[in-house]
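Student: Have a look at this one.
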Amino acid sequence: MSARTDRAAPLPWHAAGWEALGQARAAGCLPHALLVTGPLGVGKRRLVAALAHSLLCAHPDGHGLACGHCRECELLAAGTHPDYLAVGPDPQSKSDEIKVDAIRRLTASDALTAHRGGYQVIVLDPAQNMNPNAANSLLKTLEEPSPDTLLCLVCEQPERLPATIRSRCQGLRVPVPPEPQALDWLRRHTDSAEAQTLLRLAHGAPLRALALEEEKRLPQRTRAFAGFVEVAHGRRDPVAEAAAWNEQEPAILLDWLVGWVSDLLRLASGHPAPRLINQDQSEELRRLATLLDARAGHQYLMRLFKVRADGYGSLNALLLYESLLLQWAGLFRPGAPAPGKRTSRRHGP
Ligand SMILES: [Zn+2]
């Protein structure tokens, strides 16, 4: 496990982006604002940290990597470098918004002047959490950039940023690596025999896969899947199963549900060798696929997508799980009364 020792270096699949940044720097044309996007778990923050260290270090090496020993690197490691500013939601506040006060502090008269004579790096993360006033205030900074200041906006959902901000930043999309490269990296960071399953559940994002392992999600998923299958066979009460699911966050559970139902539809499609997310559960999924009406399964998947897209922050997770499991049970007993429908009208999103 060497995950912590090379923190200020980019990851293998960042190579093209890192090289482009190095070339821009050598040519003296680094942008003033960089919008770093990509899905959760591909190492956007890691790449931005490597860039910040590289720009602030007094003696970066031939690959542009920070030396790790100079005074600048020491200050960065201690979290006290005056020319590295991190802006995010107020940790004291319940809200996860980035508010206008945080941006105003940046634009205050001397904040945008490098104190140690080199670059100044400002990291705004997660940039999509800026509220409209904060975004307006940032726009003024982007219109009048300071020399030798690099503003990095780290963002999972760039579509939530105003177009006026996006258009004033140079985009840098961090890709999902090819599966062999991702697996190679993952296997060097975990002893888990389930690396491939972890990676598929993380939609190919290696850092997310590693987090799933560290959070011990696989055994939780196995338990939830057993209930999901038993409910379909009519051997488990959906309401009782919902109570068992209730300790799991909706974001995680909905992701699993979408994966299972998508896999069932892939199996039902008749393709001889469908590429499954839940390859390790394929035997049980294959049995279930023969019992599921594809059209009803598709409608159920659309509902899952809608629940996920509409947000479930204020929803009671237990009611959500009850509604989803009652509807799920109903798919396998088309002749029976459909408690799922009644319940989904009463509680459902
Ligand atoms: Zn250094």
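Student: What is the number of the single condition among (1) more than 12 Å from the ligand (Cβ to nearest atom); (2) more than 20 Å from the chain's Cα centre (by Cα); (3) part of a loop (DSSP other than H, G, I, E, B) that Gly22 does not meet?
Tutor: All conditions are met except number (3).
Student: Can you give me the number of residues within region 230-269 that are under 18 Å from Leu301 (Cα atoms) and in a loop (DSSP other than H, G, I, E, B)?
Tutor: 1
Student: Additional query: Does region 167-176 hold any residues that are in a loop (DSSP other than H, G, I, E, B) and out of contact with any Gly (no Cβ under 7 Å at 6 or more places or on another chain), and which are they?
Tutor: Within region 167-176, Ser167, Arg168, Cys169 qualify.
Student: I would also like to ask the following. Name the helices (runs of 4 or more DSSP H) wholly within region 52-166 that hold at least 1 residues that are more than 16 Å from the ligand (Cβ to nearest atom)?
Tutor: Of the helices (runs of 4 or more DSSP H) lying wholly inside region 52-166, those with at least 1 residues that are more than 16 Å from the ligand (Cβ to nearest atom) span 100-107, 132-143, 163-166.
A quick yes/no check of all residues on (1) surrounded by fewer than 17 Cβ atoms within 10 Å (Cβ to Cβ); (2) modelled with pLDDT under 95; (3) outside the structural domain of Glu156 (by TED's automatic domain parsing):
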site	(1), (2), (3)
Gly28	yes, yes, no
His32	no, yes, no
Leu35	no, no, no
Ala50	no, no, no
Ser54	no, no, no
His69	yes, yes, no
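The values are calculated or read from the model by the stated rules, or taken from the named source; none is laboratory data. In this text, all values refer to a predicted model and were calculated from it rather than measured experimentally. Reconstructed Cβ throughout: ideal geometry from the backbone, glycine too, with neighbour counts over all protein chains shown.
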